[in-house]
Amino acid sequence: MITRVRLNFPRKLMSTYRRTGVVGPKFENIHQVEAYLSKSFWTIEDLLPRYDITKENIPSEETVKSLLKLSGLPMQNLKDMQLKLANQLSFINTLHNLPVDETIDANHARIMIRHPKPLSFNDIEMATSKEMQKDESLGEVSGSWDTVECSKIHENGFFVVREGLIRNRD
Amino acid sequence: MIGRRAYGTRLAGQKFKLLPEYKLRCGLEIHTQLCTANKLFSASTNSPFAAADKPNYHTSYFDVSLPGTQPLFNHEVLLLATKLSIALNCDVNLNSQFDRKHYFYGDQPLGYQITQHYSPFASNGFLRLRSIFDDIDQDSKIIEIQQLQIEQDTGKSVYKEQDSKSLIDFNRSNVPLIEMVTRPDFTDLKQIRSFLKKYQNLVRHLGVSTGDLETGAMRVDVNISVNDYARVELKNLPNTSSIFNAIKFEYQRHVDIIRNGDAEETLTHSQTRGWNGSSTVKLRSKETTIDYRYMPDPELPRITLAEDFVPGVSQLMPELPDQVLERLMSAPYSLSLKDAKILTINSNSHDQLYTQHQLQQFYLDTFKMYQQQAGESFNHKLPTNWIIHELLGNMNKLEIYLEKVVEILPPEEFSNLLMFIHEGKVSKASAKLLLFHILNSFKESNFKSTSSLDLSSLIKEFELDAIEVVPQEDLRQICQGIIDDLGDDNMIKGIISGKKKNSLKYLVGQGMRLSQGRIKPHLFESTFKDILGVKW
């Protein structure tokens with residue numbers, strides 16, 4: 001049901017998905033495959049009508065300040081932030097206005113099978129013993145990789161978070 | 001600050017008392033770490049406490065939120081969560097789901113916690129407290145359980161004030177937790193204390209958690225309201241004393257606010273407060289409420305369970321602690337509540353030489369064998385006294401684990417020892433020496449002594465067996481010696497005249513002590529009477 005995604009997952013594959021299938025010439029080598037996958041065939045604009053920013057949909061400075069406070073972000077570039085938010089809101093409004101299938105329960109909005117087969121007592125007992133296996137390629141074996149190595153700052157095996165991130169955020 | 005000091009001083013100086021005109025209502029929110037082998041959404045090892053000296057050791061890519069990684073649900077969690085739900089009389093939701101709770105914090109780099117907000121795992125349960133077992137003032141008190149939800153633990157942060165930074169360890173990240181929420185049904189502190197004990201014992205008994213407060217395997221938040229004003233949620237309560245001191249402090253604070261006529265202004269909106277060791281301090285109020293932006297987790301399927309799942313887990317359930325206590329307190333065991341609890345109520349197992357399960361099993365097996373051997377004349381107190389008091393005492397003195405004890409004294413051997421005492425072949429005093437000797441020599445052999453235990457030979461070897469026939473002359477000599485050493489003519493006269501009949505027992509006791517119980521008391525009694533010419 002859920003596949004574990006490795007770190008080197010080819011993300012470009014997702015962005016080159018085409019809505020209509022086309023059979024093209026046979027690929028001769030890996031470079032051709034890579035070149036094909038790296039080429040975009042569509043843009044968001046293809047799918048969405050254009051949206052415009054009007055004065056009415058620019059959020060107030062007060063709203064932006066409140067959002068920045070909640071997000072723990074610095075109170076800077078308020079004008080710029082208002083415009084960015086307005087842009088995003090217009091985009092979301094456009095999305096909301098697109099026709100959707102209202103019969104689907106929002107609880108099932110998942111990128112996986114929506115109605116899985118119910119798990120029986122035996123299924124779970126079996127799954128449990130299978131899940132005890134650790135996958136080294138997912139870093140699941142204790143001590144098999146240096147966890148903090150990839151962080152810029154670390155100390156005696158701990159990650160380090162500077163004060164501002166955790167305390168005094170108000 | 002002045003206000004805080006006043007509360008602290010008053011609490012320290014006076015015994016806390018609930019006032020009848022200020023009604024306390026409390027609810028509990030308990031986070032319990034499940035002791036599964038692996039973590040909740042990865043197969044890395046779930047060992048947040050044991051690896052405290054190795055930070056970030058039990059961490060997969062997902063546990064530290066590396067981009068591109070995804071959660072994979074550990075189904076073992078379902079077995080444990082279902083056991084706890086059944087024990088708490090909850091309805092298990094056959095179609096629950098995981099949701100994301102968004103907040104920004106250094107120990108949660110994913111940016112959200114995976115929890116169950118919209119459709120939790122179980123709900124509508126209860127736990128019954130009873131005065132007979134739980135030391136509450138009411139005969140019985142039902143505490144309703146609102147819900148149980150499965151969620152992930154966060155990493156652990158250690159704040160280093162000097163350097164203005166926090167050190168983060170993700171060994172605890174993604175460890176499975178059950179968040180259990182009760183209804184605000186508690187009306188006094190005794191109920192809360194007994195509920196916590198009962199719940200802690202239950203999770204240990206079911207083997208779903210170590211239940212230790214000191215390691216953070218069990219963490220308690222309290223919500224409190226007085227006279228139905230808005231509730232205050234108390235967080236950061238690391239141990240039992242903080243929990244109760246914080247409740248007492250907060251109750252007093254509410255009472256003072258209401259008395260001063262400030263309740264309408266101060267107590268109409270809920271608040272979150274922490275405990276700093278001497279007073280509660282405001283963490284969040286209405287103005288700073290966090291919007292968690294809950295949403296169903298799109299990377300995890302719903303947990304859909306077939307109809308056979310809950311009945312299947314029910315069959316794995318052990319007898320629950322209250323049922324065990326009831327059984328042990330009735331015939332044939334007829335234990336006192338105190339002794340039954342020693343066999344049933346689990347303490348934290350770090351510094352204990354046995355688990356309650358091991359000890360109870362040893363007791364039951366020994367009891368059964370002794371009962372078979374002794375037949376109708378069996379004495380139900382003998383196994384209790386010799387296991388719960390003598391054996392445990394010796395184990396603690398010698399620091400021997402029960403699992404070692406059963407290597408040299410398995411239930412059938414222990415039952416044989418009880419039979420020697422039962423039949424009067426050894427006195428209690430001699431049996432005590434014998435038990436200590438057996439355990440001590442086994443320990444001194446570094447638990448390697450392979451020769452099988454032969455109680456009869458040991459008793460003979462150390463001359464511990466009861467002396468059935470004692471030459472009359474020897475006995476007279478011992479008794480005369482006791483009378484001479486006593487040198488108390490008044491007592492002797494009292495015995496002879498019959499005015500101090502009980503003093504004869506004192507003399508017999510001295511004889512028993514001298515002979516280490518090997519000579520029967522009635523022999524001493526008749527000899528003393530003979531020497532002193534007692535006519536009564």
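The values are calculated or read from the model by the stated rules, or taken from the named source; none is laboratory data. As the structure is a computational prediction, the values presented were derived from the model and not from experiment. Using ideal geometry, Cβ is built from the backbone for each residue, glycine included, and neighbour counts are taken over all protein chains shown.
Every residue in region B:145-175 that is among the polar types (S, T, N, Q) and either over 15 Å from B:Gln33 (Cβ atoms) or facing chain A (nearest Cβ under 10 Å) (or both), please.
Quick first cut of region B:145-175, residues among the polar types (S, T, N, Q) only: B:146-147, B:149, B:152, B:154, B:157, B:162, B:164, B:166, B:171, B:173-174.
Across region B:145-175, the qualifying residues are B:Gln146, B:Gln147, B:Ser157, B:Gln162, B:Ser164, B:Ser166, B:Asn171.
Report yes if B:Ile388 is under 22 Å from the mean Cα position of the chain (by Cα), in the same structural domain as B:Leu337 (by TED's automatic domain parsing) and either within 26 Å of B:Met329 (Cα to Cα) or crowded, with 20+ Cβ neighbours inside 10 Å (or both), otherwise no.
So B:Ile388 passes the test.
State whether the residues of region B:68-90 include one that is part of a loop (DSSP other than H, G, I, E, B) and of a type in the set (Lys, Arg). Break it down into steps so the answer makes sense when it comes.
Residues of region B:68-90 part of a loop (DSSP other than H, G, I, E, B): B:68-75, B:88-90.
Next cut, of a type in the set (Lys, Arg) only: none.
Scanning region B:68-90, I find no residue that is part of a loop (DSSP other than H, G, I, E, B) and of a type in the set (Lys, Arg), so the answer is no.
Just to check your reading of the model, which residue among B:Ile132, B:Ile136, B:Ile178, B:Ile142 is away from chain A (no Cβ under 14 Å), surrounded by fewer than 21 Cβ atoms within 10 Å (Cβ to Cβ), in a strand (DSSP E or B) and within 22 Å of the chain's Cα centre (by Cα)? Before you say what the answer is, go through the steps one by one.
Details: B:Ile132 fails: in a strand (DSSP E or B); B:Ile136 fails: in a strand (DSSP E or B); B:Ile178 fails: surrounded by fewer than 21 Cβ atoms within 10 Å (Cβ to Cβ).
None of the other options fit; the residue is B:Ile142.
Quick one: would you say B:Phe528 is under 18 Å from B:Lys425 (Cα atoms) and aromatic (Phe, Trp, Tyr)?
Values: under 18 Å from B:Lys425 (Cα atoms): no; aromatic (Phe, Trp, Tyr): yes.
No.
I'd like the residue in region B:92-101 that is within 10 Å of another protein chain (Cβ to nearest Cβ) and not in a loop (DSSP other than H, G, I, E, B) and, out of all such residues, is nearest to B:Asp308 (Cα to Cα).
Top of the filtered list is B:Asn95.
Residue under question is B:Asn223, and the condition is that it be touching an Asp or Glu at 6+ places or on another chain (Cβ under 6 Å), modelled with pLDDT of 95 or more and among the polar types (S, T, N, Q); does it hold? Show your work before the answer.
Values: touching an Asp or Glu at 6+ places or on another chain (Cβ under 6 Å): yes; modelled with pLDDT of 95 or more: yes; among the polar types (S, T, N, Q): yes.
Yes: the conditions hold for B:Asn223.
Please go through region A:117-150 and give me each residue that is surrounded by fewer than 13 Cβ atoms within 10 Å (Cβ to Cβ) and closer than 28 Å to B:Asp163 by Cα, ordered by number.
Selection gives A:Asp146, A:Glu149, A:Cys150.
Between a residue in region B:312-325 that is free of Cβ contacts under 8 Å to residues at least 60 places away in the same chain and any residue that is assigned to a loop (DSSP other than H, G, I, E, B), which pairs come within a Cβ distance under 8 Å, given they are 6 or more apart or on different chains?
The qualifying pairs are B:Gly312/A:Ser120.
Filter region B:18-50 for residues that are modelled with pLDDT under 90 and under 22 Å from B:Asp221 (Cα atoms); which is nearest to the other protein chains (Cβ to nearest Cβ)?
Here the residue is B:Pro48.
Just give me the residues in region B:447-458 being surrounded by 15 or more Cβ atoms within 10 Å (Cβ to Cβ) and among the polar types (S, T, N, Q), in sequence order.
Of everything in region B:447-458, just one residue is surrounded by 15 or more Cβ atoms within 10 Å (Cβ to Cβ) and among the polar types (S, T, N, Q), namely B:Ser449.
Among the residues of region A:68-91, write down those that are surrounded by fewer than 14 Cβ atoms within 10 Å (Cβ to Cβ), outside any loop (DSSP other than H, G, I, E, B) and either in contact (Cβ under 8 Å) with a residue 40 or more places away in the chain or within 14 Å of another protein chain (Cβ to nearest Cβ) (or both).
Those that are surrounded by fewer than 14 Cβ atoms within 10 Å (Cβ to Cβ), outside any loop (DSSP other than H, G, I, E, B) and either in contact (Cβ under 8 Å) with a residue 40 or more places away in the chain or within 14 Å of another protein chain (Cβ to nearest Cβ) (or both): A:Lys69, A:Ser71, A:Phe91.
Quick test for you: out of B:Leu364, B:Leu359, B:Leu353, pick the one residue that is among the aliphatic types (A, V, I, L, M) and free of Cβ contacts under 8 Å to residues at least 40 places away in the same chain.
It is B:Leu364.
For region A:115-170, how many residues are out of contact with any helix residue (DSSP H, G or I) (no Cβ under 8 Å at 6 or more places or on another chain), in a strand (DSSP E or B) and at pLDDT 90 or above?
5
Identify all residues within region B:313-335 that are in a loop (DSSP other than H, G, I, E, B) and surrounded by 13 or more Cβ atoms within 10 Å (Cβ to Cβ); write none if there are none. Spell out the reasoning first.
Narrowing region B:313-335 to residues in a loop (DSSP other than H, G, I, E, B): B:315-320, B:330-335.
Passing the criteria: B:Leu316, B:Pro318, B:Leu320, B:Tyr333, B:Ser334, B:Leu335.
Looking at B:Asp308, B:Asp291, which is the one that is surrounded by fewer than 15 Cβ atoms within 10 Å (Cβ to Cβ) and within 28 Å of A:Phe121 (Cβ to Cβ)?
Only one candidate qualifies: B:Asp308.
What number of residues within region B:417-446 satisfy the criterion of being polar (S, T, N, Q) and either buried (at least 18 other Cβ atoms within 10 Å of the Cβ) or touching a His at 6+ places or on another chain (Cβ under 7 Å) (or both)? Give the steps one after another, and end with the answer.
Narrowing region B:417-446 to residues polar (S, T, N, Q): B:427, B:430, B:440-441, B:445-446.
Subset that is either buried (at least 18 other Cβ atoms within 10 Å of the Cβ) or touching a His at 6+ places or on another chain (Cβ under 7 Å) (or both): B:427, B:430.
Going through region B:417-446 one residue at a time, the tally reaches 2.
Confirm whether B:Ser441 is closer than 21 Å to B:Ala374 by Cα and small (Gly, Ala, Ser).
Numbers: closer than 21 Å to B:Ala374 by Cα: no; small (Gly, Ala, Ser): yes.
It is false that B:Ser441 is closer than 21 Å to B:Ala374 by Cα and small (Gly, Ala, Ser).
Return yes or no: is B:His75 over 28 Å from A:Arg114 (Cα atoms) and within 10 Å of chain A (Cβ to nearest Cβ)?
Details: over 28 Å from A:Arg114 (Cα atoms): no; within 10 Å of chain A (Cβ to nearest Cβ): yes.
No: the conditions fail for B:His75.
Across region B:513-531, what is the number of residues that are in contact with a helix residue (DSSP H, G or I) (Cβ under 6 Å, 6 or more places away or on another chain), surrounded by 17 or more Cβ atoms within 10 Å (Cβ to Cβ) and of a type in the set (A, V, I, L, M, F, W, C)? Before the answer, list the steps.
Restricting attention to region B:513-531, the residues satisfying the condition of being in contact with a helix residue (DSSP H, G or I) (Cβ under 6 Å, 6 or more places away or on another chain) are B:516-517, B:521, B:524-525, B:527-528, B:531.
The next check asks that each one be surrounded by 17 or more Cβ atoms within 10 Å (Cβ to Cβ); those that pass are B:517, B:524-525, B:527-528.
Subsequent filtering for residues that are of a type in the set (A, V, I, L, M, F, W, C) retains B:524, B:528.
The qualifying residues number 2.
Would you mind stating whether B:Asp291 is out of contact with any Phe, Trp or Tyr (no Cβ under 6 Å at 6 or more places or on another chain), in the same structural domain as B:Glu399 (by TED's automatic domain parsing) and either among the β-branched types (Val, Ile, Thr) or at pLDDT below 95 (or both)? Talk me through it step by step, then tell me what you get.
Details: out of contact with any Phe, Trp or Tyr (no Cβ under 6 Å at 6 or more places or on another chain): yes; in the same structural domain as B:Glu399 (by TED's automatic domain parsing): no; either among the β-branched types (Val, Ile, Thr) or at pLDDT below 95 (or both): yes.
So B:Asp291 fails the test.
Inside region B:135-144, can you point out the residues that are acidic (Asp, Glu) and either touching a strand residue (DSSP E or B) at 6+ places or on another chain (Cβ under 8 Å) or on the phi > 0 side of the Ramachandran plot (or both)? Full working, then the answer.
Quick first cut of region B:135-144, residues acidic (Asp, Glu) only: B:135, B:137, B:139, B:144.
Within region B:135-144, B:Asp135, B:Asp139, B:Glu144 qualify.
Can B:Val64 be described as among the β-branched types (Val, Ile, Thr), within 13 Å of chain A (Cβ to nearest Cβ) and either over 24 Å from B:Ser314 (Cα atoms) or without any contact (Cβ under 8 Å) to a residue 24 or more places away in the chain (or both)? Talk me through it step by step, then tell me what you get.
Working: among the β-branched types (Val, Ile, Thr): yes; within 13 Å of chain A (Cβ to nearest Cβ): yes; either over 24 Å from B:Ser314 (Cα atoms) or without any contact (Cβ under 8 Å) to a residue 24 or more places away in the chain (or both): yes.
When the stated conditions are applied, B:Val64 passes them.
Quick check, is B:Asn245 away from chain A (no Cβ under 14 Å), of a type in the set (S, T, N, Q), in contact with a Lys or Arg (Cβ under 6 Å, 6 or more places away or on another chain) and in contact (Cβ under 8 Å) with a residue 40 or more places away in the chain? Quick ask: steps written out before the conclusion?
Numbers: away from chain A (no Cβ under 14 Å): yes; of a type in the set (S, T, N, Q): yes; in contact with a Lys or Arg (Cβ under 6 Å, 6 or more places away or on another chain): no; in contact (Cβ under 8 Å) with a residue 40 or more places away in the chain: yes.
Here the answer is no, as B:Asn245 does not meet what is asked.
Quick one: count up the residues across region B:377-405 that are hydrophobic (A, V, I, L, M, F, W, C) and on the phi > 0 side of the Ramachandran plot.
Pass one, region B:377-405, residues hydrophobic (A, V, I, L, M, F, W, C): B:378, B:382, B:386-388, B:391-392, B:395, B:398, B:400, B:402, B:405.
Restricting the remaining residues to those that are on the phi > 0 side of the Ramachandran plot gives none.
Total meeting the criteria: 0.
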